[in-house]
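Bear in mind these aren't lab numbers, they're just calculated from the coordinates by the rules spelled out. Predicted, not measured: the structure shown is a model, and the values here were computed from it. Ideal geometry is used to build each Cβ from the backbone, glycine not excepted, and the neighbour counts take in all protein chains shown.
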Amino acid sequence: MSACQAQGVKFIELQFTDLLGQLKAVTIPHNKLESAIGNNVWFDGSSIEGFARIFESDMYLKLDLSTFAILPWTQNNGTITARFICDVYHPNGRPYESDPRYILKKQVQRAAQMGLVYYVGPELEFFLLKRVRDKVYPVIADHAGYFDQSFGSSVELRKEMSLALQALQIDVETLHHEVANSQHEIDFRYDDPIKTADNAVSFKYALKTLSAQHEMHATFMPKPFFGINGSGMHVHQSLFSNGENTFYDPTDHHKLSKTAKKFIAGQLKHIKAMNAILNPTINSYKRLVAGYEAPVYITWGTTNRSALIRVPKTNPDNPASTRVELRCPDPTANPYLSFAVMLAAGLDGLANETMIPIATEENVYDLSAEEMNKRKIETLPADLRAALTALKNDSVIRQVLGEDTYNKYHNIKINEWNNFCSAVTDWEKSNYLEQY
């Protein structure tokens, strides 16, 4: 309360996400904050995607007081607004089992019971597009490439975004132009998965808000344009125990411990099912094709950027930095669910002492089909339907969601697939309308 008064806060946003990771919020006047903290805030869960049915709609939001932050873009307009990220509860005080934040918390607690602390650092790529009055969709705003220091409006907007993220207590580390035209990346420091998922949601909210204020549009759509790279969400991961990085082993050829290798093996084992969570849209699979720096083959390696899981070079002087990078997720994924299934798959590898395959250090795209078959290198699901089938058949990943949440998620996504299959696209019209 005192922080709100000191900074002249007028409104409070109480934020949470639906099952798909879309940010939701209810706004209250600042003088209702004390009541919200003491008595929580009730809402109708039946109107939220993937939440409750009509007859069980009453739910309440419990504020996580550690997530207090001022929304920086509201500070100069007379309606200074703060936010709290919230957890969702049933009326009887039980956490709501389909709340993505709660699903992640359960996996974090599971790791803690094993004496392990999980850290993640995602890299969310995005496109900054400009709105043109006579265009239906936003268009490319620049023709710069990787690390190009162009001097257009996108560069200054990227800096403004960085300042806003820091005001939201997100520790920004680097910002730069990405490979494709109008594609950018702003990286922030790794943290525990709950804090990092909170940051990822706030990251997308801030970038979209600031872009709109500049008549621009920030999109995290994985593949908005044909013929150029799409946007991924590479995730760096590590496990600690008693303050020590459990992934490091100076005696190993790859400098990786048995723990790290079992963790990697667990993720490789379950990646097909995980993909229904990590790459959750129809468009996700337009990015996962050969030739555009997106991983397609289920492999791991150290220097190999075509591998699904890459191990960045370890530093003997800083063993705490040892980590593994999962390269297939994209930024449309719900970060809470993504980190939950990633952790669960890795822990399953530890629990079952899953054997890791031989590392693939050469470019997988250059291997012949015969060589791929010989090495038993499989591919990721080719589309959302195939990923959903893999999820259906993987009891470990389904268990992360729970059967009720799994059924809700499956129904949402299978409807999305069916709608896509029955839609008539511009490509079909271009190729068939006059020909037949």
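Percent of Cα-Cα pairs per 5 Å bin, from 0 to the last occupied bin, for the stretch 2-96, please list those.
All Cα pairs, binned at 5 Å, distribute as 3, 13, 24, 23, 16, 11, 6, 2, 0 percent.
Could you tell me the largest-minus-smallest coordinate of the C-alpha atoms of the stretch 338-436 on each of the three principal axes, in descending order and whole angstroms?
58, 43, 20
Relative to the compact globular guide of 2.2 N^0.38 Å, what is the alpha carbon radius of gyration of the chain, as a ratio?
1.00
In whole Å, what are the Cα extents of the stretch 139-255 along the three principal axes, biggest one first?
51, 32, 23
So how far, in whole Å, is the C-alpha centre of the stretch 266-285 from the one of the stretch 318-340?
Spelled out, the Cα-based centre of one part sits 13 Å from the other.
Quick one: the Cα spread of the stretch 256-387 along its three principal axes, in angstroms, biggest first?
Largest first, the stretch 256-387 extends 42, 37, 28 Å along its Cα principal axes.
For residue 22 and residue 410, compute 0.36 nm times the residue count separating them, minus their Cα-Cα distance, and round to one decimal in nm.
Separation in residues times 0.36 nm, less the Cα-Cα distance, equals 138.0 nm.
Can you run phi through the Karplus equation (6.51, -1.76, 1.60; θ = phi - 60°) for the stretch 419-431 and list ³J(HN,Hα) in whole Hz, with x for Gly and Pro?
So the J values, rounded to whole Hz, are 5, 4, 5, 8, 6, 9, 9, 4, 4, 5, 5, 5, 8.
Could you check the simple spin-label distance between residue 209 and residue 378, using points 7 Å along Cα→Cβ, in nm with one decimal?
4.3
Just the projected area, averaged over all directions, of the convex hull on the alpha carbon atoms of the stretch 193-303: how many nm²?
Directional mean of the projected Cα hull area for the stretch 193-303 stands at 9.6 nm².
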